[in-house]
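Only one structure is covered here, and it is reproduced in the block below.
The values are calculated or read from the model by the stated rules, or taken from the named source; none is laboratory data. It should be emphasised that the depicted structure is a prediction, and the values quoted were computed from it without experimental measurement. Cβ atoms come from the backbone with ideal geometry, glycine included; neighbour counts cover every protein chain shown.
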Amino acid sequence: MYKFVITEIDKNHEVYVNLISSPAGHYLSRRPYVMGLIKRLVTSRKLGSGRIIIEHDMGRNIGTTDIVSTGSNDNIYYAQPVKTEAFSRFAKNRYPQPSNTLTVIVEQDEEGNYEVSDTWIGPYCPAFPGAKDETADSKTYWKTHALVHDARTIQSKSVTKNCPY
């Protein structure tokens, strides 16, 4: 694992991200400026133990979110993003929307350090149904929300109009 230290929170603990194989690393490779926002956010909070979900309004537009609310006029399709088993829901006729919100998911490791496992601009949302970290809210949430078209690279043979969950 390649561990990039974002910040130290005290003399014995740090916040880091795996830039190579984590969802956070992939997101940050496309939006490196978010690293500074994460640093500002985690240094202003007391982090607890376990998995911590931080959703914070930064007070200004920080970029665009790929997550949109959907309605009956949206052209919806489902597909599996590359290197995933779960299907994601996409809205073909929608575009990224401006957002003030940053979501960061931090997990405490065995040494007491904190790994940023995922991050994105936009509100917190549960994992897609069928994903390993699916929650009880996943199906309900993703019935009324979707990713904008081209938000992720997909496996073209997996595209379907029929809901797989």
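Would you confirm, using the coordinates I've provided, whether Ile105 is within 25 Å of Val17 (Cα to Cα) and surrounded by 13 or more Cβ atoms within 10 Å (Cβ to Cβ)?
Numbers: within 25 Å of Val17 (Cα to Cα): yes; surrounded by 13 or more Cβ atoms within 10 Å (Cβ to Cβ): yes.
Here the answer is yes, as Ile105 does meet what is asked.
So if I check each of Thr84, Thr64, Thr70, which one is of a type in the set (Ser, Thr, Tyr) and touching a Pro at 6+ places or on another chain (Cβ under 8 Å)?
Numbers: Thr84 fails: touching a Pro at 6+ places or on another chain (Cβ under 8 Å); Thr70 fails: touching a Pro at 6+ places or on another chain (Cβ under 8 Å).
The match here is Thr64.
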Within the range 125-162, the residues that are surrounded by 14 or more Cβ atoms within 10 Å (Cβ to Cβ) and hydrophobic (A, V, I, L, M, F, W, C) are Cys125, Ala127, Phe128, Ala131, Trp142, Ala146, Leu147, Val148, Ala151, Ile154
Restricting to the range 1-58, name every residue that is modelled with pLDDT under 95, touching a Leu at 6+ places or on another chain (Cβ under 9 Å), assigned to a loop (DSSP other than H, G, I, E, B) and among the hydrophobic types (A, V, I, L, M, F, W, C).
Ile9, Leu19
Since Leu41 meets every condition but one in (1) more than 30 Å from Tyr165 (Cα to Cα); (2) touching a residue at least 60 places away in the same chain (Cβ under 8 Å); (3) over 16 Å from the mean Cα position of the chain (by Cα), which condition does it not meet?
(3)
Take the residues in the range 145-155 that are farther than 14 Å from Trp120 by Cβ and touching a residue at least 60 places away in the same chain (Cβ under 8 Å); name whichever of them is farthest from the chain's Cα centre (by Cα).
Gln155
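Working only within the range 23-39, note down all residues that are surrounded by 13 or more Cβ atoms within 10 Å (Cβ to Cβ) and either closer than 12 Å to Tyr114 by Cβ or of a type outside the set (Val, Ile, Thr) (or both). Explain how you work it out, then say what you get.
Step one: list which residues in the range 23-39 are surrounded by 13 or more Cβ atoms within 10 Å (Cβ to Cβ), which gives 23-28, 31, 34-35, 37-39.
Within the range 23-39, Pro23, Ala24, Gly25, His26, Tyr27, Leu28, Arg31, Met35, Leu37, Ile38, Lys39 meet the criteria.
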The range 70-92 residues that are touching a residue at least 24 places away in the same chain (Cβ under 8 Å) and in a loop (DSSP other than H, G, I, E, B), paired with ones that are basic (Lys, Arg) and surrounded by fewer than 18 Cβ atoms within 10 Å (Cβ to Cβ) (beta carbon under 9 Å, 6 or more apart):
Thr70/Lys143; Asp74/Lys92; Gln80/Lys157; Val82/Arg152; Thr84/Arg152; Glu85/Lys132; Ala86/Lys132
